[in-house]
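The values are calculated or read from the model by the stated rules, or taken from the named source; none is laboratory data. Just so you know, these numbers come straight off a predicted model, no measurement behind them. As a convention, Cβ positions derive from the backbone with ideal geometry for all residues, glycine included, and neighbour counts pool all protein chains shown.
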Amino acid sequence: MRIVIAEDQVLLREGLGRLFEDAGHAVVASVEDPDQLRAAVSEHEPDLAVVDVRMPPSFSDEGIRAARWIRDAHPSVGVLVLSQHVEAAGAVGLVSQGGFGYLLKDRVLNVADFLEAAERVARGGSALNPKVVSSLVGGNFADGLEVSPSASARCWR
């Protein structure tokens with residue numbers, strides 16, 4: 001699997017890269033902002049883009065907007081949002097598509113399960129943290145949204 005990582009925190013970005021490489025995957029680009037992410041996805045056409053929600057310059061929703069751009073411009077690229085924050089309004093349109101995941105950094109309990117979720121998203125599947133699903137449904141974003149369980153309780157808390 002070929003991966004682009006977009007994370008503004010260098011230690012997390014490098015750590016994710018090491019996890020993927022140790023699992024036999026190729027990290028083709030590791031970037032810190034949404035402009036670099038768009039360029040890397042266009043250049044490398046990866047199987048998966050791992051994207052943080054809050055990135056420079058404003059640290060608000062740049063990552064989720066970049067994720068929407070990836071899904072529109074490169075629909076074959078899986079997108080795994082990995083964040084500390086739930087950006088429900090921005091994610092609702094993405095959740096209904098295949099090849100999308102949204103996991104919360106502090107709720108990933110097992111590296112092997114995280115890697116399996118990333119691989120599933122790259123193959124066109126889904127990986128959603130239950131708290132993300134709850135925020136989407138509780139936020140009245142459920143119209144037209146089909147929610148199905150995609151991760152076991154042992155993977156996410």
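For the reader, a short list of remarks on this structure follows.
- Any pair with Cβ under 7 angstrom, 6 or more apart, that starts in segment 9-27 at a residue that is under 23 Å from P56 (Cα atoms) and ends at one that is aromatic (F, W, Y): V27/F20
- Residues that are surrounded by fewer than 21 Cβ atoms within 10 Å (Cβ to Cβ) and assigned to a helix (DSSP H, G or I), drawn from segment 21-56: E21, D22, D35, Q36, R38, A39, A40, S42, E43, H44
- Filter result for L136 (in contact with a helix residue (DSSP H, G or I) (Cβ under 8 Å, 6 or more places away or on another chain) and at pLDDT 90 or above): no
- In segment 101-118, the residues that are within 26 Å of P75 (Cα to Cα) reach residues that are among the basic types (K, R) and at pLDDT below 90 with C-beta atoms within less than 7 angstrom, at least six apart or across chains, in these pairs: L104/K131.
- Residue match in segment 6-24 (condition: over 14 Å from the mean Cα position of the chain (by Cα) and at positive phi): yes
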